[in-house]
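To keep things clear, I will list the structure first and then write my remarks on it.
The values are calculated or read from the model by the stated rules, or taken from the named source; none is laboratory data. Being a predicted model, the structure only gives us computed values, none of them experimental. Cβ atoms come from the backbone with ideal geometry, glycine included; neighbour counts cover every protein chain shown.
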């Protein structure tokens, strides 16, 4: 077990205003061979923890593409995390009962090794020379990091892309999994999800400031990333929610771009996209986005054999009816596959209006559901 | 009545490979004052016709943003049009019984006056100096063009944006309308539709080759227009259709862009977008797109008073359940509004998988519905 240490392992911190002081880092022992053939000699995985290690069940959170490991506040960083309403004392994932770990994925830019990290071979950021990642590589890096931290068996909670990583980890290391909570995830990308993400990547790489991926230390393809994020937001939410929230309300500030029509929804997109672009690395975005498109649980034999290899455990699968990107039909497919493999699965189909992002914001529906489930662990 | 003449009225033809030799052009008598204050001194409106003028009902087709006036083949241009399965002898809109006119909208680039036209004051293309257009301006130009062609009363068929133009024309000149067929249209843009179109416009104006709109005679913002079109295609179709059509089929041709994932759906988007960009003017796209966002039938007092001003007539409103951009709830709103104003309205809610584009491709559902309706005119 490597002693966790304060993050000396990354030189990219100055680029990432989103990094929490509570984030720790573990350096994998030995190189990491990747699915597409290359090998990373040095890999750091960033993480945060809540609750006492060794007490109760260890619950490991695998986030989506964009969040960091800072899922909730802690004494070291009182700033709210991206899943603040879920994690903490007396919250659905009660940190007095469970030890909670949230990882930053391999390839991301919040402390873990990724394209913005320094390549030890050159001393410069990897940029476009970072090897192509697969979801399986994220899973393998997570599994090894958890093992080094002393975690042999844990309950996995995967949201969005994190659910794909959880499925891959379960397929590759079923003996480590004590149960799965999969929220708004997918066994593979739909054609529409591929289309949207491919378009986002085209917007980024088509921005001259992407410069073939060699934009460090500059801000990089700000315009392309802004477009990509706005398209993401459109795909994460639902029309019904935006009609309620923005409708045709006008925006009377500065002109956002030539031919902006002057509506509030345009200003919301702009503000959110600007914030995102400040903290997320474009090359990380490209890598993780493509990895999601290529993942397919059928490359591991499918859901049913995977479920048969898992120890019996209570699983939870949650889908949201208004999710355009990871449609509820895919959550149903996961639940049915796990059941067909002999597992006890609760499948919750929620009518939240917030689409793919509902698990981040629909506290009224998610908090009681998660509380009941995590209480059984 | 102005004698229709072969299109000598546009100098932009060389820019528009999509223009049909069957397209005619009418020059409006006198200047056209626009809703936002400016005046266009010279306005040409392009159109095509099928069937004998003066026989049966005149049916005027108002297309969506991107199609030209070439809705169907004719002796002068046997190339199939964008609504080929609808128009012709023995087709739903039977040209042996009806005289059919399809207009190219003001602001478009297929023969009608738009930003790519030469400004008579300067002899150069208007480009960014073309005045801001409203849907009402398109309606007024259409109404005047039709009057000059000798059409005083007609049945209006509006698809997508054309349905907004039809509603505006009906609100401004109810005495000219003998009935409305509104397909996958809207009384106003939803917040999501505004978000999508604003993002498309940002992609275009963010392309350095847009050059503030002064890109003539060059090809202009090809990369931005390609992104905008791909986003359009994603919003026009439905996930269920693409999953059936493309699924996770791989594409093994040239790399489409850096970080393309190698799926068939990416190649489809690329091929379609390239074709579109060759024929559609970017400044036209920006103008019409923004005009759609700003249109609101409530600026004319709403649907109910509009319906009360119309002569009694059989109307048809068609919506598609998988339409993401012009949701079926908006078609229901139109139908209910017209009914509440005393009109007889048939409302058809179709389960087509093809989303907003269904009326262009779902012949099996649209042909019998339209045939039955147009037979009653």
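The condition of being surrounded by fewer than 22 Cβ atoms within 10 Å (Cβ to Cβ) and within 21 Å of residue B:59 (Cα to Cα) holds for only one of B:348, B:335, that being B:348. Would a scan of the range A:151-163 turn up a residue that is over 19 Å from residue A:315 (Cα atoms) and assigned by TED's automatic domain parsing to the domain that holds residue A:68? Yes, the range A:151-163 contains at least one residue that is over 19 Å from residue A:315 (Cα atoms) and assigned by TED's automatic domain parsing to the domain that holds residue A:68.
Inspection of the range A:226-234 identifies no residue that is touching a residue at least 12 places away in the same chain (Cβ under 8 Å) and in contact with a strand residue (DSSP E or B) (Cβ under 9 Å, 6 or more places away or on another chain).
Could you say which residue among B:107, B:162 is crowded, with 20+ Cβ neighbours inside 10 Å and more than 14 Å from chain A (Cβ to nearest Cβ)? Of the residues listed, the single one that is crowded, with 20+ Cβ neighbours inside 10 Å and more than 14 Å from chain A (Cβ to nearest Cβ) is B:162. Look at (1) closer than 19 Å to residue B:258 by Cα; (2) without any contact (Cβ under 8 Å) to a residue 60 or more places away in the chain; (3) within 10 Å of chain B (Cβ to nearest Cβ) and you find that residue A:213 fails only one, number (2). Using the structure shown, decide if residue B:211 is surrounded by 24 or more Cβ atoms within 10 Å (Cβ to Cβ), out of contact with any strand residue (DSSP E or B) (no Cβ under 6 Å at 6 or more places or on another chain) and either in the same structural domain as residue B:65 (by TED's automatic domain parsing) or assigned to a helix (DSSP H, G or I) (or both). Taking the combined requirement at face value, the residue does not satisfy it. Does residue A:129 count as surrounded by 21 or more Cβ atoms within 10 Å (Cβ to Cβ) and out of contact with any helix residue (DSSP H, G or I) (no Cβ under 6 Å at 6 or more places or on another chain)? No. Can you tell me which residue in the range A:165-197 is surrounded by the fewest Cβ atoms within 10 Å (Cβ to Cβ), limited to those that are within 14 Å of chain B (Cβ to nearest Cβ) and closer than 23 Å to residue A:279 by Cβ? Selected residue: A:196. Given the condition in contact (Cβ under 8 Å) with a residue 40 or more places away in the chain, surrounded by 24 or more Cβ atoms within 10 Å (Cβ to Cβ) and out of contact with any helix residue (DSSP H, G or I) (no Cβ under 8 Å at 6 or more places or on another chain), answer yes or no: does some residue in the range A:69-80 qualify? The answer is yes; a qualifying residue exists.
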